[in-house]
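Take a look at the structure below.
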Amino acid sequence: MKRREFMTLFAASAVCCGIRTAESAETKKEELLKWFLDNEYGYAPTGRPDDMKFEGNSILFGGGKVKVNLTVALPKGVSAEKPCPVLLMGDFRTWNNGMREDEKSLKQQRNQNEIDAYATSRGYAVVHYDLNEAAPDQPRRMMIADLKAKGKELPPCPYGLFEVYGGETDRTATSWGTIRAWAWCHSRVLDWIETQPVLDAKRVAVLGHSRLGKTALCAGVTDTRFKVVYSNASGCGGAKLNRMDLPRSEHIHQITRNFPYWFCQNFNQWANRDGEITHDQDEWMGLIASPTRYLYVASGTEDQWAGPTGEKAAAEGAAKAWEALGLKGMGDHVGYHCHEGPHSLTVEDIKLFLDFCDKRL
Ligand code: GCU
């Protein structure tokens with residue numbers, strides 16, 4: 001064989017091989033995603049729904065039966081010519097369709113206001129909304145009983161997105177749990193951000209604390225439009241490794257007993273089998289890996305329930321997914337910090353996170 005012919009053949013087979021490798025990596029990714037949706041989070045019944053409408057800073061679903069009201073904090077000097085990066089997060093301002101005025105909720109609201117003020121001072125917009133408006137953080141039966149006990153009238157859709165798109169009263173083993181539903185709603189908020197000239201929809205970080213950290217990861221895995229994904233103290237079902245032996249941390253039997261509605265029913269199968277789960281949360285977060293996307297994980301030293309050691313190890317495990325793409329993982333595409341103190345998301349955490357975002361978002 002002449003050298004030129006050989007080189008052409010060699011080049012052709014290398015290209016072929018490359019395609020096959022890329023294809024098999026993609027197939028592996030799809031299989032892994034399927035495993036997590038089948039076993040943990042469940043499937044959203046629809047993508048972007050035809051009946052979704054935007055009205056000012058609100059998103060309407062099912063002809064307005066469910067209305068999600070967004071709070072938008074903008075930095076100074078932002079304009080359509082100079083759109084700004086965005087932090088998207090959930091909050092819990094209401095409970096059972098009424099303002100929560102207990103000290104804990106008021107503290108959360110003050111904390112959110114501080115985060116808004118700090119992030120906008122650094123040039124980031126913050127878009128947040130009450131996740132209870134999308135899907136209540138309660139099982140359906142309990143929520144309806146609560147409303148009745150308080151003598152309140154049932155709203156048209158007491159169970160939010162589940163009532164409009166299904167998946168609760170007709171729940172199957174892989175129907176979406178509330179975390180998947182909230183993550184889906186984050187994607188719909190991103191659809192809304194795409195219509196806002198002063199917000200740069202290509203530079204959106206999705207973040208959250210605790211159950212909202214689990215939600216941020218779910219949104220980041222299922223929607224590649226989010227450029228940066230930040231989980232703060234998300235623990236079990238979020239950034240903590242299930243297989244790591246951390247006796248003081250939350251286990252699957254506890255989370256599925258106390259919050260069964262957060263996950264799909266299949267997750268119950270893994271209760272008391274944390275050590276033998278087929279895939280772990282480092283692989284879940286590794287699904288975010290791409291040259292243009294970033295992961296950030298944070299913990300608290302006193303937050304043993306969330307398992308800081310397991311969160312750090314999962315972030316390091318996830319970083320390997322970037323390394324497999326020939327990129328730098330920890331300290332580059334993946335960031336981590338652990339604050340001194342308890343289970344919280346403070347302005348200091350946001351400061352460290354924005355230092356990470358400044359160079360990447
Ligand atoms: C509970 C739950 C955790 C969750 C936390 C929160 O502690 O067990 O899994 O992260 O609530 O969201 O505050």
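Any idea which residue in the stretch 123-154 is modelled with the highest pLDDT, counting only those that are among the acidic types (Asp, Glu) and open to solvent by 40 Å² or more (accessible area, probe 1.4 Å)? If we take residues in the stretch 123-154 being among the acidic types (Asp, Glu) and open to solvent by 40 Å² or more (accessible area, probe 1.4 Å), then Glu133 is modelled with the highest pLDDT. Of all residue pairs spaced 6 or more apart or on separate chains, those with beta-carbon atoms under 6 Å, a first member in the stretch 301-312 that is open to solvent by less than 50 Å² (accessible area, probe 1.4 Å) and a second member that is of a type in the set (Lys, Arg) and at pLDDT 95 or above are Gly307/Lys240; Gly310/Lys240; Glu311/Lys240.
With the structure loaded, tell me whether Asn266 is open to solvent by less than 60 Å² (accessible area, probe 1.4 Å) and away from the ligand (no atom under 14 Å from the Cβ) or whether it fails that test.
On the way: open to solvent by less than 60 Å² (accessible area, probe 1.4 Å): yes; away from the ligand (no atom under 14 Å from the Cβ): yes.
Criteria met by Asn266.
Among residues of the stretch 190-218 being part of a helix (DSSP H, G or I) and more than 16 Å from the ligand (Cβ to nearest atom), the one that is nearest to Lys82 (Cα to Cα) is Ile193.
Condition check: part of a loop (DSSP other than H, G, I, E, B), open to solvent by less than 10 Å² (accessible area, probe 1.4 Å), within 16 Å of the ligand (Cβ to nearest atom) and not basic (Lys, Arg). Does Cys236 satisfy that? Criteria met by Cys236. One residue stands out among those in the stretch 239-250 that are more than 12 Å from the ligand (Cβ to nearest atom) and charged (D, E, K, R): the one that is nearest to Ala318 (Cα to Cα), which is Arg243.
Please find, among His253, His279, the residue that is within 13 Å of the ligand (Cβ to nearest atom), over 16 Å from the mean Cα position of the chain (by Cα) and not aromatic (Phe, Trp, Tyr). Even if it seems obvious, please write down each step before you answer.
Numbers: His279 fails: within 13 Å of the ligand (Cβ to nearest atom).
Answer to the check: His253.
With respect to the stated conditions, Gly331 fails to be modelled with pLDDT of 95 or more, within 16 Å of the ligand (Cβ to nearest atom) and either within 30 Å of Arg110 (Cβ to Cβ) or over 17 Å from the mean Cα position of the chain (by Cα) (or both).
Among the residues of the stretch 184-200, which ones are under 15 Å from Ile59 (Cβ atoms) and not polar (S, T, N, Q)?
Kept after step one, since they are under 15 Å from Ile59 (Cβ atoms), are these residues of the stretch 184-200: 184-196, 199.
Within the stretch 184-200, Trp184, Cys185, His186, Arg188, Val189, Leu190, Asp191, Trp192, Ile193, Glu194, Leu199 qualify.
Looking for something over 30 Å from Glu311 (Cα atoms) and modelled with pLDDT under 95 - is there at least one such residue anywhere in the stretch 170-186? Within the stretch 170-186 (the criterion being over 30 Å from Glu311 (Cα atoms) and modelled with pLDDT under 95), the answer is yes, since at least one residue qualifies. Here Gly160 fulfils each of the conditions (1) of a type in the set (Gly, Ala, Ser); (2) touching a strand residue (DSSP E or B) at 6+ places or on another chain (Cβ under 7 Å); (3) open to solvent by 40 Å² or more (accessible area, probe 1.4 Å) apart from (3).
Out of Ala181, Ala119, which single residue is open to solvent by less than 20 Å² (accessible area, probe 1.4 Å), out of contact with any Phe, Trp or Tyr (no Cβ under 8 Å at 6 or more places or on another chain) and in a helix (DSSP H, G or I)?
Numbers: Ala181 fails: out of contact with any Phe, Trp or Tyr (no Cβ under 8 Å at 6 or more places or on another chain).
Among Ala181, Ala119, only Ala119 is open to solvent by less than 20 Å² (accessible area, probe 1.4 Å), out of contact with any Phe, Trp or Tyr (no Cβ under 8 Å at 6 or more places or on another chain) and in a helix (DSSP H, G or I).
The C-beta contact set for the stretch 23-37 (first residue at pLDDT 95 or above and assigned to a helix (DSSP H, G or I), second residue basic (Lys, Arg) and open to solvent by less than 60 Å² (accessible area, probe 1.4 Å), distance under 8 angstrom, 6+ apart or interchain) comprises Leu37/Arg180. Count, please, the residues in the stretch 269-288 that happen to be open to solvent by less than 10 Å² (accessible area, probe 1.4 Å), part of a loop (DSSP other than H, G, I, E, B) and closer than 23 Å to Val228 by Cβ. Of the residues in that region, 2 qualify.
The values are calculated or read from the model by the stated rules, or taken from the named source; none is laboratory data. If you're wondering where the values come from, they're calculated on a predicted model, not measured in any experiment. Quick reminder, even Gly has a Cβ in these numbers, built from the backbone with ideal geometry, and neighbours come from all protein chains shown. Protein only, heavy atoms only, side chains kept; ligands, DNA and RNA dropped before computing areas. Shrake-Rupley method; radii C 1.70, N 1.55, O 1.52, S 1.80 Å.
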